[in-house]
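Below is one structure, written out as structure tokens; the observations come after it.
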Amino acid sequence: MRYEVMTGVERRRRWSDDEKLSVLGQVGVDGETVASIARRHDITRQHIYQWRREMRRKGLVSHRDPMLVPVEIAEDPTSDTDHSGLVEQVEVVLSNGRSIRGRTSMSDAQWVRLIRIAQAA
């Protein structure tokens, strides 16, 4: 009888939903591409696209990527508070009902990552 012993790294890995969401959350942050994230985690680009579809079906990822738009602070005519100074902190309410707070000095990439984390939580 002949036996064949295979050595090396096992190629079939199991990924939990949390691990998949972590990988998906890295795409687009600081200019990272699907290809660069796939290389970093030693998976194919197709894995990332497949995981994205899977997480959308499970309701764990939004169908739309976060989009940042400029905002302007309007004066509240019913308030006696003077808001003419510089705003340092902003609270954003997401479509899923969660809210996040952050400093206005945060980069767009930091805001996008924070939004993605709050949407996936």
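The values are calculated or read from the model by the stated rules, or taken from the named source; none is laboratory data. Please read all numbers here as calculations on a predicted model, not as lab measurements. Quick reminder, even Gly has a Cβ in these numbers, built from the backbone with ideal geometry, and neighbours come from all protein chains shown.
So that you can scan it fast, the table gives a plain yes or no per residue for (1) within 24 Å of residue 121 (Cα to Cα); (2) in contact (Cβ under 8 Å) with a residue 24 or more places away in the chain; (3) in contact with a Phe, Trp or Tyr (Cβ under 6 Å, 6 or more places away or on another chain):
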| residue | (1), (2), (3) |
| --- | --- |
| 4 | no, no, no |
| 18 | yes, no, no |
| 23 | yes, yes, no |
| 27 | yes, no, no |
| 49 | yes, no, no |
| 52 | yes, yes, no |
| 55 | yes, yes, no |
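Let's see how each residue does on (1) among the aromatic types (Phe, Trp, Tyr); (2) touching a strand residue (DSSP E or B) at 6+ places or on another chain (Cβ under 8 Å); (3) modelled with pLDDT under 90:
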residue: 21; (1), (2), (3): no, no, yes
residue: 44; (1), (2), (3): no, no, no
residue: 57; (1), (2), (3): no, no, yes
residue: 62; (1), (2), (3): no, no, yes
residue: 65; (1), (2), (3): no, no, yes
residue: 76; (1), (2), (3): no, no, yes
residue: 80; (1), (2), (3): no, no, yes
residue: 89; (1), (2), (3): no, yes, yes
residue: 92; (1), (2), (3): no, yes, yes
